[in-house]
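Student: Structure below; questions to follow.
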Amino acid sequence: MFPRSALPRDLSAFRHGPYPPPGPQTYNYNHGSRAAVNNFHGPGPQRLPSYEWKERPLPSAPHPVHHPYAPNMTNSRKRQNSEYSPNVVKRQRIESHPHPSLASPLPRTPPPRRPDRAVAGSSRPPFVGHNHSFPSPPALIHPQGVDVPENFNSLQAYARDKLSCQMVEMFEACQQQASDLDRKELCRTRLQDDIQGQYPVARLYLTGSSMNGLGCRSSDADMCLIIKGNKKHDPISVLSVLQRLFKSLPYVERTQLIRAKVPILRFRERGSDLEFDLNFNNTVGIRNTFLLRSYAFADLRIRPLILVVKKWAQHNHINDASKGTLSSYTLVLLVLHYLQTLNVPVLPSLQMDYPDSFFPLMDIDMVPEGPKHVPPYISSNQSSLGELLLGFLGYYATVFSWDRKVISVREAKAFPKNNSPTWRNKFICVEEPFERNNVARAVHEKIKFDAIKAEFAVSYRILEDVQDLNSILPVREVINKESSRR
């Protein structure tokens, strides 16, 4: 692990932009007693010390760069960094500090060069902004003495055009609110208490977009039930027991056991449209929740970009793995891969740079502690949100070799397909960062694959010409629908 002394502490408060005021967040993973299991409240009398997970501070933004779809942009002055603490994990304790520290964050030391980490290749003509022969571009710079936008700590710094402003508007209207997570956490707490009547050592975790910072107001909630011990439990048997239990609970309705590769118990909160998917001992869901959360808050642009991409995919009917298209998880990995492989990347590979923090065999109780050992990431890419969205569509429409490459966020590159059963004869290959299987395997029909490629191509062509989000996604309709769901 990385030395705690090397981590930035007591940084200045993030007081601008769309995020709530900061405060220490307590996400207690002490399971020493039943009352403390996955407890989101402040620490109490426990057998083990509680784990307090603090967000990594927001990094400073360095030099402007030339983006594929926009002229060079310049910034006017220097500014120190501030810390932000997005109000996503519950329960949390918010404390106001009238005089926040003004200290700048400590930059992390660039990891040693790995000669095998080349950026994704392509047999097609080079795409502007993606130099595929360029070996792992330098992504880290010293935060002092760099030009940053005057309001860098606000999303408005990246909303310099109509398209970007539309993306910010949609994000601010649709992003998951604290009240949305309160409802999910309240239901999780009640369910865990009832489940422990059947399985006393069981622990119930919120996972997925509800916890990784990439959720919308209408996002359903994913849960993972963990039962430790020497006894091996059959997932279908456990979920069948829970299905019978849930039918007797006054706050649960419409239970449905889905016997998929990863079986889930689907149900709703009674009297609302809040839907839950509960799986059993699928610990990779907890691991990738915290990995994606680390990426989501590495840069202010990540969450708005991913939210808009999800809405675009839903609108164009290519965001449903059960119908042979892309899962939301796959879409997120597509976005992260694009941002990792720009000439000047927006994101690194956290798993390659900090393997101890995201070790795939780490005890599940220690998984939330990994991200606090990762110092801030500082990218010199200053592209606006609109530029990144257009670049994302253009990359998959004109550059990426779907038939020859495997996307790997774990390695921040695309590697050639081999003849293994995982990748052979698959239309889209996207590596799961921990299990290394193909998360896009649901796309198994050529007609669906062609439809996905067509949506990228058509949307890229339209957006490049019009530069208006409404040309590929009805902004007001999406916002109104999102508001009506909750």
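Student: Out of curiosity, is ARG410 among the basic types (Lys, Arg), open to solvent by less than 40 Å² (accessible area, probe 1.4 Å) and either free of Cβ contacts under 8 Å to residues at least 40 places away in the same chain or part of a loop (DSSP other than H, G, I, E, B) (or both)?
Tutor: Here the answer is yes, as ARG410 does meet what is asked.
Student: Would you please name the residue that is nearest to LYS323 (Cα to Cα), looking only at residues in the range 429-486 that are touching a residue at least 40 places away in the same chain (Cβ under 8 Å) and of a type in the set (Ser, Thr, Tyr)?
Tutor: SER459
Student: If you check GLU269, GLU253, which single one turns out to be among the charged types (D, E, K, R) and touching a residue at least 40 places away in the same chain (Cβ under 8 Å)?
Tutor: Selected residue: GLU269, the only one of GLU269, GLU253 that is among the charged types (D, E, K, R) and touching a residue at least 40 places away in the same chain (Cβ under 8 Å).
Student: Hey, another quick one. Any idea which residue in the range 446-479 is farthest from LEU389 (Cα to Cα), counting only those that are open to solvent by 80 Å² or more (accessible area, probe 1.4 Å) and charged (D, E, K, R)?
Tutor: Only one residue tops the list, namely LYS446.
Student: Also: Could you look through the range 414-433, keep only residues that are of a type outside the set (Gly, Ala, Ser) and under 15 Å from LEU336 (Cα atoms), and pick out the one that is farthest from the chain's Cα centre (by Cα)?
Tutor: CYS429
Student: Which residues, counting only those in the range 282-324, are of a type in the set (S, T, N, Q), open to solvent by 10 Å² or more (accessible area, probe 1.4 Å) and either in a loop (DSSP other than H, G, I, E, B) or touching a residue at least 24 places away in the same chain (Cβ under 8 Å) (or both)?
Tutor: ASN282, THR283, ASN288, ASN316, ASN319, SER322
Student: Based on what the data block shows, is THR330 surrounded by fewer than 20 Cβ atoms within 10 Å (Cβ to Cβ) and closer than 26 Å to GLN256 by Cβ?
Tutor: Here the answer is no, as THR330 does not meet what is asked.
Student: Being in a strand (DSSP E or B) and surrounded by fewer than 22 Cβ atoms within 10 Å (Cβ to Cβ) is the filter here, so list the residues in the range 206-234 that pass it.
Tutor: Hit for the range 206-234 is ILE226, nothing else.
Student: With the requirement that a residue be assigned to a helix (DSSP H, G or I) and more than 23 Å from ILE462 (Cβ to Cβ), what does the range 373-403 give you?
Tutor: HIS373
Student: Just checking, which of TYR329, TYR338 is touching a residue at least 12 places away in the same chain (Cβ under 8 Å), within 21 Å of ASN381 (Cβ to Cβ), part of a helix (DSSP H, G or I) and aromatic (Phe, Trp, Tyr)?
Tutor: Just one listed residue meets the conditions, TYR338.
Student: Quickly run through the range 424-434 and pick out the residues that are at pLDDT 95 or above and farther than 12 Å from TRP402 by Cβ.
Tutor: GLU431, GLU432, PRO433, PHE434
Student: State which residue is nearest to ASN279 (Cα to Cα) when the search covers only the range 235-262 and only residues that are open to solvent by less than 10 Å² (accessible area, probe 1.4 Å) and either at pLDDT below 95 or out of contact with any Ser or Thr (no Cβ under 8 Å at 6 or more places or on another chain) (or both).
Tutor: LEU239
Student: Moving to a separate point now. How many residues are assigned to a loop (DSSP other than H, G, I, E, B) and either surrounded by 14 or more Cβ atoms within 10 Å (Cβ to Cβ) or within 19 Å of the chain's Cα centre (by Cα) (or both) when one looks only at the range 355-370?
Tutor: Residues in the range 355-370 being assigned to a loop (DSSP other than H, G, I, E, B) and either surrounded by 14 or more Cβ atoms within 10 Å (Cβ to Cβ) or within 19 Å of the chain's Cα centre (by Cα) (or both): 3 in total.
Student: Select, from VAL374, VAL430, the only residue that is in contact with a strand residue (DSSP E or B) (Cβ under 9 Å, 6 or more places away or on another chain) and open to solvent by less than 20 Å² (accessible area, probe 1.4 Å).
Tutor: Every option except VAL430 fails the conditions.
Student: Are any residues in the range 249-272 out of contact with any Asp or Glu (no Cβ under 9 Å at 6 or more places or on another chain) and either under 19 Å from ARG217 (Cα atoms) or in a loop (DSSP other than H, G, I, E, B) (or both), and if so, which ones?
Tutor: If the condition is that a residue be out of contact with any Asp or Glu (no Cβ under 9 Å at 6 or more places or on another chain) and either under 19 Å from ARG217 (Cα atoms) or in a loop (DSSP other than H, G, I, E, B) (or both), then PRO250, ARG259, ALA260, LYS261, VAL262, PRO263, SER272 are the ones that fit.
The values are calculated or read from the model by the stated rules, or taken from the named source; none is laboratory data. For clarity, every value in this text was computed on a predicted model and none was experimentally measured. Note that we place each Cβ from the backbone using ideal geometry, even for glycine, and neighbour counts take in every protein chain shown. SASA here: full protein model, heavy atoms, side chains in, ligands and nucleic acids out. Shrake-Rupley method; radii C 1.70, N 1.55, O 1.52, S 1.80 Å.
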